[in-house]
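Everything below concerns the one structure shown next.
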Amino acid sequence: MPPRPARALTVLAGAVSLLLCAGVGVGRYQAGEAHTYDLAIFSQSARSWSQLRWPTADVLAPGRPLLGDHFSPATAVFGVAWRLWADPRSLVLLQAVLLALGTALVVRCAARHLPAAPAAAVAAGTLLAHGTLTAARFDVHEIALAVPLLALVAIALLERRDRAAALWSLPLLLVKEDMGATVLAVAAVLWLRGARRLGVRLAVVAVLGVAVALGTMWAVDPDHDLSRVGSFSDPGAGVLPRLGLVAAVVVGGGAVWVASPVALLAVPTLAWRLASSQPSYWSSQFHYDAVLVPVAAVALVDVLRRVPRGRTAVAVVAAVACAATTALLVDVRTLPSPVAAATWRPSAVVTDLRAAVRAVPAGAPVAADNTSGAYLVAAHPLSTWSPDKPDAALGPWVVLDTARSSLSTTPAQKAAWVAGALARGGEVVARVGSTAVVRLPVAGSPATT
């Protein structure tokens with residue numbers, strides 16, 4: 001494409017992606033659909049980073065060090081966002097920027113290497129990719145930090161800028177412990193295409209990076225058990241879900257993208273997910289597919305630029321495959337519309353929750369269920385409520401959404417817990433809509449002696 005239309009397509013795609021991801025993310029927050037797991041966890045992590053402390057999350061356990069859960073020093077970037085605006089929505093918006101940047105980089109690559117029509121088709125397919133939308137709708141995760149980096153790595157490989165590909169891959173080691181395997185894949189591509197010395201050096205750094213990541217996780221984790229790695233010890237059943245994952249990734253990227261050497265970057269992420277015994281890793285309903293979107297899109301550009309005839313038709317079919325996969329996996333009717341004013345306003349669920357929580361003293365520690373915690377984390381020290389926790393572990397203040405299930409706890413179980421708390425001397429000090437604020441008796445008070 002000529003430079004000016006290429007820039008216009010890139011800016012347009014990035015802006016649309018930003019609006020879409022921000023609308024979906026913020027819209028779900030305003031609708032009351034945000035979760036303690038994981039938005040409140042990353043909010044507490046961001047607060048730690050903003051205070052120049054190692055990341056911890058009381059939501060998981062008091063003072064729980066997050067570098068023992070996942071090796072993600074790159075989440076220090078979240079601390080910058082929290083410093084600018086101490087609100088979970090700052091992280092939601094930052095994630096939207098990162099996802100949109102990945103889209104813009106892919107579209108710029110397509111515009112640089114393809115004629116206008118196939119480049120526009122790649123842009124459409126990338127904008128509609130299910131991996132991006134599912135990440136945007138599911139709170140915030142560290143994988144968003146990898147999306148623009150993987151786009152830059154894949155583009156550098158496509159353009160045979162070997163040194164740039166190696167350098168852009170290095171920060172991936174700080175995003176999450178599994179990214180070391182992706183850096184090894186970059187090293188393999190470099191070695192296979194003849195840059196053997198660079199490939200070997202990068203492979204050595206990748207292995208060292210994985211060793212540092214796992215060593216840090218083991219040292220920091222209070223139990224020293226590396227439970228994340230332990231999930232690979234017994235892959236278990238689940239052939240059909242695993243096949244569904246492969247089909248979603250292959251078809252959702254436009255199918256033909258697998259013919260590019262760039263596609264090798266997707267193999268490690270797919271491999272560890274397929275090998276895991278965790279069913280959530282086999283699903284395309286969460287955020288895990290987001291890191292595969294820029295890889296598949298750039299690989300598609302690589303294939304299309306080598307198609308001698310019918311390039312536009314192939315690109316359009318690929319875009320339709322992307323859109324069809326999204327339509328099958330994502331109920332787009334449930335996604336907030338970024339152009340609707342109601343998307344950006346708090347719903348009755350959120351306003352009720354905020355009204356009820358006014359009964360809690362400012363800055364007092366609160367235990368909350370999975371549907372309420374993300375709305376309290378900015379103003380209160382937050383821990384996780386569970387019906388199995390003793391009152392002493394919950395503290396004096398508990399906030400529950402009594403109408404919705406959370407973390408396998410039904411509304412009936414919540415109602416039973418509230419009744420039990422009242423019998424133990426507790427008090428419902430506020431009830432607005434479906435939100436109940438319970439004050440538990442303080443140890444040593446007449447009600448507990």
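Across region 194-241, the qualifying residues are those that are of a type in the set (D, E, K, R) and at pLDDT 95 or above, and the one among them that is least open to solvent (accessible area, probe 1.4 Å) is Arg196. The residues on offer are Ala61, Ala81, Ala74, and the sole one that is under 17 Å from Leu214 (Cα atoms) and either part of a helix (DSSP H, G or I) or not charged (D, E, K, R) (or both) is Ala74.
Selection of region 53-90 for residues being of a type in the set (Lys, Arg) and farther than 21 Å from Ala34 by Cβ yields only Arg53. On the stretch given as region 91-113, residues that are out of contact with any Lys or Arg (no Cβ under 9 Å at 6 or more places or on another chain) and either on the phi > 0 side of the Ramachandran plot or not aliphatic (A, V, I, L, M) (or both) total 5.
Taking the stated definitions as given, is Pro55 in contact with a Pro (Cβ under 9 Å, 6 or more places away or on another chain), open to solvent by less than 30 Å² (accessible area, probe 1.4 Å) and within 24 Å of Ala368 (Cα to Cα)? So Pro55 fits the description; yes. Of all residues in region 329-384, those being among the small types (Gly, Ala, Ser) and either within 30 Å of Ala247 (Cβ to Cβ) or in a strand (DSSP E or B) (or both) number 4. Each residue in region 256-271 was checked for being open to solvent by less than 40 Å² (accessible area, probe 1.4 Å) and out of contact with any Leu (no Cβ under 8 Å at 6 or more places or on another chain), and 1 of them qualify.
Does Ala348 satisfy the condition of being surrounded by 16 or more Cβ atoms within 10 Å (Cβ to Cβ), in contact (Cβ under 8 Å) with a residue 60 or more places away in the chain and at negative phi? Against the criterion (surrounded by 16 or more Cβ atoms within 10 Å (Cβ to Cβ), in contact (Cβ under 8 Å) with a residue 60 or more places away in the chain and at negative phi), Ala348 does not qualify. Screening Ala8, Ala15, Ala31 for residues that are surrounded by fewer than 20 Cβ atoms within 10 Å (Cβ to Cβ), under 17 Å from Pro346 (Cβ atoms) and at pLDDT 95 or above leaves exactly one candidate, Ala31. Scanning region 254-290 for residues that are within 20 Å of Thr103 (Cβ to Cβ) and among the charged types (D, E, K, R) gives a single hit, Asp289. For the residues Arg306, Arg242, the requirement of being touching a Phe, Trp or Tyr at 6+ places or on another chain (Cβ under 9 Å) and not hydrophobic (A, V, I, L, M, F, W, C) singles out Arg242.
One residue stands out among those in region 175-193 that are out of contact with any Lys or Arg (no Cβ under 8 Å at 6 or more places or on another chain) and not in a helix (DSSP H, G or I): the one that is surrounded by the most Cβ atoms within 10 Å (Cβ to Cβ), which is Val175. In region 410-424 there is at least one residue matching the filter, namely being surrounded by 21 or more Cβ atoms within 10 Å (Cβ to Cβ), closer than 24 Å to Ser347 by Cα, modelled with pLDDT of 95 or more and under 33 Å from the mean Cα position of the chain (by Cα). Within region 60-86, the set of residues being among the charged types (D, E, K, R) and buried (at least 17 other Cβ atoms within 10 Å of the Cβ) comprises Arg64, Asp69. The number of residues in region 402-418 being free of Cβ contacts under 8 Å to residues at least 60 places away in the same chain, outside any strand (DSSP E or B) and more than 24 Å from Arg358 (Cβ to Cβ) comes to 6. Of the residues screened, Val307 is not one that is touching a strand residue (DSSP E or B) at 6+ places or on another chain (Cβ under 8 Å) and aliphatic (A, V, I, L, M). Residues of region 272-291 that are open to solvent by 10 Å² or more (accessible area, probe 1.4 Å) and either of a type in the set (Val, Ile, Thr) or not in a loop (DSSP other than H, G, I, E, B) (or both): Trp272, Leu274, Ala275, Pro279, Ser280, Tyr281, Trp282, Tyr288. Inspection of region 36-51 finds no residue satisfying the criterion of being in contact with a strand residue (DSSP E or B) (Cβ under 8 Å, 6 or more places away or on another chain), assigned to a strand (DSSP E or B) and surrounded by fewer than 24 Cβ atoms within 10 Å (Cβ to Cβ). Within region 293-315, being β-branched (Val, Ile, Thr) and either open to solvent by 50 Å² or more (accessible area, probe 1.4 Å) or assigned to a helix (DSSP H, G or I) (or both) holds for Val293, Val295, Val298, Val301, Val303, Thr312, Val314. State whether the residues of region 163-174 include one that is part of a helix (DSSP H, G or I) and in contact with a Pro (Cβ under 7 Å, 6 or more places away or on another chain). Checking region 163-174: at least one residue is part of a helix (DSSP H, G or I) and in contact with a Pro (Cβ under 7 Å, 6 or more places away or on another chain). Checking every residue in region 324-333 against the condition of being at pLDDT 95 or above and open to solvent by 60 Å² or more (accessible area, probe 1.4 Å) gives at least one match. The set of residues from region 421-436 being in a loop (DSSP other than H, G, I, E, B) and over 21 Å from Ala393 (Cα atoms) comprises Gly433, Ser434.
The values are calculated or read from the model by the stated rules, or taken from the named source; none is laboratory data. Predicted model only: the values in this text are computed from it and were never measured. A quick note on method: Cβ atoms are made from the backbone with ideal geometry, for glycine too, and the neighbour counts reach across all protein chains shown. These area figures cover heavy atoms from the full protein model, side chains too; ligands, DNA and RNA do not enter into them. Shrake-Rupley method; radii C 1.70, N 1.55, O 1.52, S 1.80 Å.
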